[in-house]
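Visitor: Before I ask anything, here is the structure I am working with.
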Amino acid sequence: MTYVLTENVRYTDLAGEFAPRMNGLQILQRVRRLRQCYVTEAILCDRLAELPQQLAHPTVRPWGAIAWGDVHPDQLIGIDRATFCATLLGTINTEAPIRGYTQSSRQYLAQLYPAMARYVGGQLDESGKLVEVGLWEREEKRHTPALAKLYTLLSGEKPDIVPHAARPYQPAADPHENLYRHGLHRVATEYGATCLYIWMMAHSTGALQAVLAELLIDEINHMTKFWGFGMWAYPDSSLVKIGHTLGQAMVRKLSDRTTQGSLLHTLRRMMHELAWQQWSPSHRLALLYTFDQVIKALWDWNRTLTPAHLDSLFGPPPATAKTP
């Protein structure tokens, strides 16, 4: 049953209590409450601790029941339908080429970490045919249909999907460092998706918000696993190393447009995809605030990822890993 929000009535949803008409500060409060609910140290620790079991026995996380018939444009809060739908369409175009993302990541991982390669991209037979879809892809591939359905329910039209072209695998002389560069990019994109879905949830309620919550939980799950596995595989990782690696990637991108994309390039592309030019200053501020809230929680959790803890999950790091 569809419901319409009524003014002067207070409601409660996944972001707490709210009134239909909200100002920018109240949206920021919703962002903070959502972060406190979905991105906590306990949740992040649990998602990472699950990875060894998922490497051995991949199992898709089931979604809860979704009341698609209850999704209604009046469930948008503090944002107009045109802007929200434009952002949805950009998200669809970014999520759509999941097969390209997974197969690229599988190739970066295959030589060094075959179990993780299987988790993200599945397995190929001797002829190179994909015979098993990776768990990451199996969970992520449900996002595009869900987002497309939301777009149709909110706009009354089918989305004109123009998938972003996933950048293919690019071999390098040092596969270990090559994977590190790719891994940083992969963690960053999962982090960006996490923040975007929190932002969307802060601007929605009801069944619409419930659908977005399922996508958010998936992104947090994958972001956590990639981050934690990366800290185990690269125990020498640090802010200095990250900055140096990203700087090198940016220089390479400027000199050769066919190389792995830099994060700055990805950020510019995403701003265009998500119709950033249509966002109001308060919408932009809310997303920047979301980035800040989530990264602080991640850095706090990262302090718990000691070598001893990571080794207890995955065993001693391979010989290719460099210790600080």
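Visitor: For a quick check of your reading of the filter: which chymotrypsin sites (Phe, Trp or Tyr not before Pro) in the range 60-109 sit in a DSSP loop and have no more than 16 other Cβ atoms within 10 Å?
Guide: Here the chymotrypsin sites (Phe, Trp or Tyr not before Pro) that fit, given the DSSP loop and packing criteria, are TRP63.
Visitor: Take peptides 283-291, 45-53 and line them up by average Cβ neighbours within 10 Å, highest first, as a rough protection proxy.
Guide: In decreasing order of mean packing, 283-291, 45-53 become 283-291, 45-53.
Visitor: Under 5 Å between amide hydrogens, which residues at least 5 positions from GLU132 or on another chain qualify, with H placed 1.01 Å from N in the peptide plane?
Guide: Answer set, sorted by chain and number: GLN123.
Visitor: Continuing with the same structure: Just to compare against my own numbers: the Cα pair-distance distribution for the range 1-95, 5 Å bins, whole % per bin, please.
Guide: Taking all Cα pairs of the range 1-95, the binned fractions are 2, 9, 13, 16, 20, 16, 11, 7, 4, 1, 0 percent.
Visitor: Can I ask one more? For the range 31-314, give the magnitude of the charge dipole about the Cα centre (Cβ charges: +1 Lys/Arg, -1 Asp/Glu; no others), in debye to the nearest 20.
Guide: 500 debye
Visitor: Now for a separate question. Return a single number: how many Lys pairs in the chain, at a sequence separation of 8 or more or on separate chains, have alpha-carbon atoms below 29 angstrom apart.
Guide: 19
Visitor: Once amide H atoms are built 1.01 Å from N in the peptide plane, which residues 5 or more positions from GLY16, or in another chain, come under 5 Å H to H?
Guide: none
Visitor: Can you tell me the 0 to 90 degree angle between the C-alpha axis of helix 98-110 and the longest principal axis of the chain, rounded to 10?
Guide: Long axis of 98-110 versus the principal axis of the chain: about 30 degrees.
Visitor: Could you give each residue of the range 273-290 its phi-based ³J(HN,Hα) in whole Hz, using Karplus coefficients 6.51, -1.76, 1.60 with θ = phi - 60°, and x for Gly or Pro?
Guide: 4, 8, 6, 3, 5, 8, 6, 6, x, 5, 5, 5, 4, 5, 5, 4, 5, 5
Visitor: Among the GluC sites (Glu not before Pro) within the range 72-149, which fall in a DSSP loop and have no more than 13 other Cβ atoms within 10 Å of their own Cβ?
Guide: Sites meeting the loop and neighbour criteria: GLU126.
Visitor: Follow-up. Could you go through the range 207-214 in sequence order and give the Karplus-derived ³J(HN,Hα) for each residue, using 6.51 cos²θ - 1.76 cosθ + 1.60 with θ = phi - 60°, rounded to whole Hz, and x for Gly and Pro?
Guide: 5, 4, 5, 5, 5, 4, 5, 5
Visitor: Once you have all Cα-Cα distances for the range 158-238, histogram them in 10 Å bins from zero and send the whole-percent values.
Guide: Taking all Cα pairs of the range 158-238, the binned fractions are 16, 34, 32, 15, 4, 0 percent.
Visitor: Please go through the range 126-230 and write out the trypsin sites (Lys or Arg not before Pro) that DSSP classes as loop and that have at most 14 other C-beta atoms within 10 Å.
Guide: Hits after loop and neighbour filter: LYS129.
Visitor: I would also like to ask the following. Report Rg (one decimal) and Dmax (nearest whole number) for the range 31-314, counting Cα atoms only, units Å.
Guide: 18.6, 54
Visitor: Tabulate in residue order the Karplus-calculated ³J(HN,Hα) for the range 221-233, using 6.51 cos²θ - 1.76 cosθ + 1.60 with θ = phi - 60°, rounded to whole Hz; enter x for Gly and Pro.
Guide: Running phi through 6.51 cos²θ - 1.76 cosθ + 1.60 with θ = phi - 60° gives 4, 6, 4, 5, 5, 5, 4, x, 5, x, 5, 6, 6 Hz.
Visitor: What is the extension gain from ARG303 to HIS176, computed as 0.36 nm multiplied by their sequence separation minus the C-alpha to C-alpha distance, in nm to one decimal?
Guide: 43.3 nm
Visitor: What is the distance in Å between the Cα centroid of the range 64-118 and that of the range 133-177?
Guide: The distance from the Cα centre of the range 64-118 to that of the range 133-177 comes to 6 Å.
Every number in this text was worked out from the coordinates using simple rules, so none of it is lab data. In this text, all values refer to a predicted model and were calculated from it rather than measured experimentally. Note that we place each Cβ from the backbone using ideal geometry, even for glycine, and neighbour counts take in every protein chain shown.
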